[in-house]
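The values are calculated or read from the model by the stated rules, or taken from the named source; none is laboratory data. Because the structure is predicted, anything quoted here is derived from the model rather than measured. In this analysis, Cβ positions are derived from the backbone assuming ideal geometry, glycine residues included, and neighbour counts consider all displayed protein chains. Areas reflect the complete protein model, heavy atoms only, side chains present, ligands, DNA and RNA absent. Shrake-Rupley method; radii C 1.70, N 1.55, O 1.52, S 1.80 Å.
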Amino acid sequence: MALQEVTQRIFTVRRPSSLALELEGFLLDCRSRNLAGGTLRFYEQKLCPLLAWLEQRGVMAAEEIKALHLRAWLVELTNAAHTPGGVHAFYRAAKAFCTWLEAEGSVEVSPMKRVRAPKQAVEQLEPVSMDDVRAMLATCDSGRLLDLRDAAIILALLDTGCRAGEFTALNYGDASLKTGALLVRSGKGRKPRMVFLGVTSRRALLKYIRKRGEPQDGEPLFATHENGRFRYTGLRAVIERRAQQAGIEPPTLHSFRRAFALGCLRNNVDVYSLQRLMGHTSLAVLRRYLAQTEDDLQRAHEQGGPVDRLL
């Protein structure tokens, strides 16, 4: 919804306590704080179903929302086969909204203060396998521009650990082919950071750039066949096409990020450096990517188990 439309509706609606108006005010506040577009979409996608659910039950104003309503809503989400992580995402959005309602004076106390967060099991996040990476790279074995580009994309996704949105936003001027440093300008929370390409990835990128022709600084680092910027769907299509050619199940874009995190951990990168490379604000988020395999744990025990060192 455009900002002009939001403000127009706020100042023409006569029911300032209506839930729809409160949501518009909350989203306007998010815009005024310059929150990222993804954050705005997250709140809108999670909160619109909540407001519709409340209104179906006769809850039409903020002060009518009770903790009991919110608990029942979370139970319904669980019964509707949402994953624990998905339910927790709805909970976080509702908590942010209700906290804002309290700050605005629309409610005396946020009803979410009496609603406990749903438990989440630590999910085993599967990374793309290195065998699958090798199989996809093997399909890029010619000197054609498309093959050189796709090989560089596969290696760069794995080598930088970038989120898909960060990756598609990379410009040629953000990259140093000499050092391998890449400036991620559009990191989560609008926080920039540096990521890096190793020697192998740099060579692949250089081959692609030479074949493509050197772009301008503001042009995308990886371009479509029409020399435009990739969108998420286009980047995903590259991986899906290469996986199909390799005869494997297509990995998700995020699985490359997981493989980066797990690979760094296995190669003794300290978690604080890894946290900065991945653009996480806390180690709690990072731990979800670092679920180790049984082989990792067995090797750790072989290195440090006390009984084998008794004698």
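For the stretch 18-38, give me the residue count where each residue is crowded, with 16+ Cβ neighbours inside 10 Å, under 22 Å from L77 (Cβ atoms) and not aliphatic (A, V, I, L, M). Counting residues in the stretch 18-38 that are crowded, with 16+ Cβ neighbours inside 10 Å, under 22 Å from L77 (Cβ atoms) and not aliphatic (A, V, I, L, M) gives 2. Quick check on the stretch 186-242: of everything there that is of a type in the set (K, R) and part of a loop (DSSP other than H, G, I, E, B), which residue is modelled with the highest pLDDT? It comes out as R231. Quick check on my filter: what residues within the stretch 32-55 are within 13 Å of R190 (Cα to Cα) and either touching a Pro at 6+ places or on another chain (Cβ under 6 Å) or of a type in the set (K, R) (or both)? Passing the criteria: only R33. Within the stretch 204-228, the set of residues being open to solvent by 40 Å² or more (accessible area, probe 1.4 Å) and at positive phi comprises just one member, N227. The criterion of being open to solvent by 50 Å² or more (accessible area, probe 1.4 Å), free of Cβ contacts under 8 Å to residues at least 12 places away in the same chain and assigned to a helix (DSSP H, G or I) holds for D131.
Exactly one residue out of R231, R241, R258 is open to solvent by 40 Å² or more (accessible area, probe 1.4 Å), in contact with a Pro (Cβ under 7 Å, 6 or more places away or on another chain) and basic (K, R), and it is R258.
The residues in the stretch 57-105 that are touching a strand residue (DSSP E or B) at 6+ places or on another chain (Cβ under 9 Å) and open to solvent by 30 Å² or more (accessible area, probe 1.4 Å) can be counted, and the count is 1. Contact map, the stretch 90-103: residues that are more than 15 Å from E24 (Cα to Cα) paired with residues that are part of a helix (DSSP H, G or I) and basic (K, R), Cβ distance under 6 Å, separation 6+ or inter-chain. Pairs shown: F90/K46. Of all the residues in the stretch 68-114, those that are assigned to a helix (DSSP H, G or I) and either within 24 Å of L40 (Cβ to Cβ) or in contact with a helix residue (DSSP H, G or I) (Cβ under 6 Å, 6 or more places away or on another chain) (or both) number 28.
Of all residues in the stretch 148-203, those being among the basic types (K, R), open to solvent by 60 Å² or more (accessible area, probe 1.4 Å) and more than 20 Å from M278 (Cβ to Cβ) number 2.
Hey, among L221, L146, L155, L183, which residue is of a type in the set (A, V, I, L, M) and touching a Phe, Trp or Tyr at 6+ places or on another chain (Cβ under 9 Å)? Before you say what the answer is, go through the steps one by one.
Working: L146 fails: touching a Phe, Trp or Tyr at 6+ places or on another chain (Cβ under 9 Å); L155 fails: touching a Phe, Trp or Tyr at 6+ places or on another chain (Cβ under 9 Å); L183 fails: touching a Phe, Trp or Tyr at 6+ places or on another chain (Cβ under 9 Å).
Among L221, L146, L155, L183, only L221 is of a type in the set (A, V, I, L, M) and touching a Phe, Trp or Tyr at 6+ places or on another chain (Cβ under 9 Å).
For D141, are the conditions met, namely being closer than 27 Å to E226 by Cα and open to solvent by 20 Å² or more (accessible area, probe 1.4 Å)? Here the answer is yes, as D141 does meet what is asked.
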